[in-house]
Amino acid sequence: LNILVDTGSSNFAVAGVPDPDVTSYFNTELSSTYKSEGIDVTVKYSQGSWTGVLGTDVITIPKGIYGSYTINIATILESDNFFLPGVKWHGILGLAYDALAKPSSSVETFFDSLVRQAKIPNIFSLQMCGAGLPVSGSGTNGGSLVLGGVEPSLYTGDIWYTPIKEEWYYQVEILKLEVGGQNLELDCREYNADKAIVDSGTTLLRLPQKVFTAVVQAIARTSLIQEFSSGFWTGSQLACWDKTERPWSLFPKLSIYLRAENSSRSFRISILPQLYIQPILGIGDSLQCYRFGISSSTNALVIGATVMEGFYVIFDRAQRRVGFAVSPCAEVDGSPVSEIEGPFTTADVASNCVSSVSFHEPVLWIASYALMSLCGIILLVLIILLLIPPRCQHRYTDNDVVNDESSLVRHRWK
């Protein structure tokens, strides 16, 4: 089975029944080692969802990590907009922290199981290749997932690390954005509203609405195209050029500044237009059409595949940091399409660009159940008081007035 590697979720799941958009599936009845836990699980993503049953089975790693290991696996029985026409994968490998695991954080993740049983270092790294290649192209674009370490042949130059701000998603701190070398001049908290994460399971670079609007305006202002359809920026239209042209020269590079391990320093990762102006299909023999690889988001800045294809990304869980290095496969026509530079001073940004208040879903559930229980008790008391006949009357004075300040719990979609 081909598995989608997703650093933005935490469940390992594969198709467990036939599906029109899936070429293969895992028939648990034919496995002598599979054991069902009988626990239903549902996982929702920014696009699509699935429902299945939790179980365990024994896996082996083809290269490098020898032995057999028992891991949690969900078999997908129903899905909605998850398996799509033409996809070449049959399941998903969630590599984020157990805080995101469904139905609860007590479900040990695939990678945690591997670290515990195989005694490998608590670190993995990911090289995603495909820069400049058609999105809808046939075959695979290659790449590597290294479990338990860093592979020197998969990067060039230095690795720059940024701290993981919180261990659920791989949440990082973004200090500023530049388009064509020009700072957007936004409050740095705008870039981290309500979180900034590194997520291989998200295709595009997703930006909070205010940041997205500023980026589009800056690209339109900096590019060599005078008039451009608004549908291109919103993702509803493609832009087409003659196949002999290279439209990338018309657009500026985009830079993201991340806080370094030394909090008074930062570094920037830059992607050239070859990564965010993405070829998607050809029309006849003469036209090539492209999409805009950046979109707006309501709840996060997401460094997705659009950016990650330019870098070798190290998820160093042991030292609570994410590393970036230039990937040698991030080249188009023999020229690099990504850059890393630093260090830079952080004197011009706030000491903390991430809100210190953060509610995880498990906490929200606990708070919700607690409030529901409290409301139930109060309601029961009120019913009892209504049923008991009044025996006396009391004339209230100003000293008897109670000011009730209700507690509010604000749910944030993840």
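Observations, loosely collected:
- The order of THR244, THR213 by accessible area, most exposed first and with a 1.4 Å probe, is THR244, THR213.
- Going by accessible surface with a 1.4 Å probe and the largest first, VAL179, VAL150 read VAL150, VAL179.
- Lys/Arg +1, Asp/Glu -1 at C-beta; the chain dipole; positive extreme among THR28, ILE61, ILE388: ILE388
- Of the residues VAL313, LEU287, SER335, the one whose Cα sits farthest towards the positive end of the charge dipole of the range 282-344 is VAL313 (charges of +1 on Lys and Arg Cβ, -1 on Asp and Glu Cβ, taken about the Cα centre).
- Shape class of the range 274-321 from the alpha-carbon gyration tensor: oblate, with a/c at 1.5 or above and b/c at least as large as a/b.
- Percentage relative contact order, the range 1-120, counting C-alpha pairs under 8 Å, at least six apart: 37 percent
- Fluctuation leader among SER270, SER24, SER327 - the chain, Gaussian network, Cα springs under 10 angstrom: SER24
- Relative to the longest principal axis of the Cα atoms of the chain, the long axis of helix 361-387 lies at roughly 20 degrees.
- Surface accessible to a 1.4 Å probe, TRP160 within the full protein complex, Å²: 60 Å²
- For the listed residue pairs LYS35/LYS119; LYS210/LYS253; LYS44/LYS243; LYS88/LYS243; LYS176/LYS243; LYS63/LYS102, the alpha carbons are over 31 angstrom apart in LYS44/LYS243; LYS176/LYS243.
- Accessible surface of the chain, 1.4 Å probe, proportion on carbon and sulfur as whole %: 53 percent
- Extension gain (nm, one decimal) between GLN47 and ILE384, 0.36 nm per residue minus Cα-Cα: 116.5 nm
- Helices in the chain, meaning DSSP H runs of at least 4 residues, each add -39500 (n - 2.57). Divided by all residues, the mean residue ellipticity at 222 nm is -4500 deg cm²/dmol.
- Taking a ≥ b ≥ c as the square roots of the eigenvalues of the Cα gyration tensor, an a/c ratio below 1.5 marks the range 1-134 as rounded.
- For the chain, the relative contact order comes to 17 percent (Cα pairs under 8 Å, sequence separation of at least 6).
- Listed residues ASN122, ASN262, ASN72, most fluctuating in the chain (Gaussian network, C-alpha, under 10 Å): ASN262
- For the chain, the spread of Cα positions along the three principal axes, ordered from largest to smallest, is 93, 61, 45 Å.
- Pairwise FRET efficiency - SER68 versus PHE228, Cβ, R0 = 51 Å, nearest 0.05: 0.40
- Exposure check, 1.4 Å probe, all protein chains in place: SER264 carries approximately 50 Å² of accessible surface.
- In this structure CYS289 has an accessible area near 0 Å², from a 1.4 Å probe over the protein heavy atoms.
- Fluctuation leader among GLU37, GLU78, GLU227 - the chain, Gaussian network, Cα springs under 10 angstrom: GLU227
- ASN27-ASP158 pseudo-label distance in nm [points 7 Å out on the Cα-to-Cβ vector]: 5.6 nm
- For ILE65, ILE303, the ranking by accessible surface with the largest value first comes to ILE65, ILE303, using a 1.4 Å probe.
- For GLU309, no residue has an amide H sitting under 5 Å from its own, ignoring neighbours fewer than 5 places away on the same chain, with H placed 1.01 Å from N.
The values are calculated or read from the model by the stated rules, or taken from the named source; none is laboratory data. Please read these numbers as outputs of a predicted model, since none were measured by experiment. Methodologically, a virtual Cβ is constructed for each residue, glycine included, from the backbone with ideal geometry; neighbour enumeration extends over all protein chains shown. To get the accessible areas, we keep the full protein, side chains included, count just its heavy atoms, and leave off ligands, DNA and RNA. Shrake-Rupley method; radii C 1.70, N 1.55, O 1.52, S 1.80 Å.
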